[in-house]
Amino acid sequence: MKQVLAVMVLIAVCGVVGFGAEIHLPAAAPLSGTILIAESFYKTVNGEQVPLPIAVWQGTNGERDTSWFGTRIEAHPGDVIVINPGQYKADIWILTPGITITTDPGVKGIADIWGGVEVDADNVTLDHIAVTGPRKENMLSGHGIEVNRELLNTITIKNCLVEGNDWMGIHIIGPRGDIQTMRIENCVVKNNGSFGIECQGTENLIVTGCTITGNKQGIHVGSNVHHTDFENNTVIGNSETDIFYKK
């Protein structure tokens, strides 16, 4: 059964409109299969509600409409999506800008997504979640966290574990555009099948306090990355190289 979460109800409970709401998962909506987080899912055409198209994957075969997703969660800028600790087989697409996704700080453990987390909106923060594999066990996406640089200016990934993904741990997708600031803080990125962190087009790549090990390349810095700030990281034991700068 398809699920839609109306966040406006939660905002009304908080009593303050515009300051954001906390959306608790999986209590408010299932956390499995294909999940879309967006501000709206339909448009009106000739008086009828028509599902909006979403570019789920790159290329001509990558577009789906919002009815394709098993779970649709309505969220708005400023909202915080709080996930209970546990392991969830899910692919998550984030289209709402300015939200935070985090593990419930009041419960011991971490929310572990056995699938991909794709960020297709600006100013999103991923905080204290895990994105792990391998995909051969759950038949989901091969990358851990994917970032669409056509659609965002700033992203922050902090206090996260990105481990055992078949392909890249943190991967930028999209053929055009530059991110102004990509910030990765206090994360563990290990044992991914390809690069730990792959960054091709970013004005400022900031990686601080991270442990990056057991990948093919630890950090892959593309030729269109203009400034790097690497501080207090442990980048060792990656099979090809720890930090690679593409000329």
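The values are calculated or read from the model by the stated rules, or taken from the named source; none is laboratory data. Predicted, not measured: the structure shown is a model, and the values here were computed from it. We place every Cβ from the backbone using ideal geometry, glycine too, and count neighbours over all the protein chains shown.
Tally the residues that are of a type in the set (A, V, I, L, M, F, W, C) and under 18 Å from His128 (Cα atoms), restricting the search to region 204-226.
Number satisfying all stated conditions: 4.
Is there a residue being in contact with a strand residue (DSSP E or B) (Cβ under 9 Å, 6 or more places away or on another chain) and more than 27 Å from Leu52 (Cβ to Cβ) anywhere in region 67-85?
Within region 67-85, one or more residues are in contact with a strand residue (DSSP E or B) (Cβ under 9 Å, 6 or more places away or on another chain) and more than 27 Å from Leu52 (Cβ to Cβ).
May I ask you to verify whether Gly98 is at pLDDT 90 or above, surrounded by fewer than 21 Cβ atoms within 10 Å (Cβ to Cβ), not acidic (Asp, Glu) and not in a strand (DSSP E or B)? Steps first, answer last, please.
Numbers: at pLDDT 90 or above: yes; surrounded by fewer than 21 Cβ atoms within 10 Å (Cβ to Cβ): yes; not acidic (Asp, Glu): yes; not in a strand (DSSP E or B): yes.
It is true that Gly98 is at pLDDT 90 or above, surrounded by fewer than 21 Cβ atoms within 10 Å (Cβ to Cβ), not acidic (Asp, Glu) and not in a strand (DSSP E or B).
Quickly run through region 131-152 and pick out the residues that are modelled with pLDDT of 90 or more and either charged (D, E, K, R) or assigned to a loop (DSSP other than H, G, I, E, B) (or both).
Step one: of region 131-152, the residues modelled with pLDDT of 90 or more are 131-132, 144-147.
Residues satisfying the conditions are Gly144, Glu146.
Could you please find all residues in region 153-201 being surrounded by fewer than 24 Cβ atoms within 10 Å (Cβ to Cβ), under 15 Å from the mean Cα position of the chain (by Cα) and farther than 17 Å from Gln217 by Cβ?
Selection gives Asn153, Thr154, Thr156, Lys158, Asn159, Leu161, Ile173, Gly174, Arg183, Glu185.
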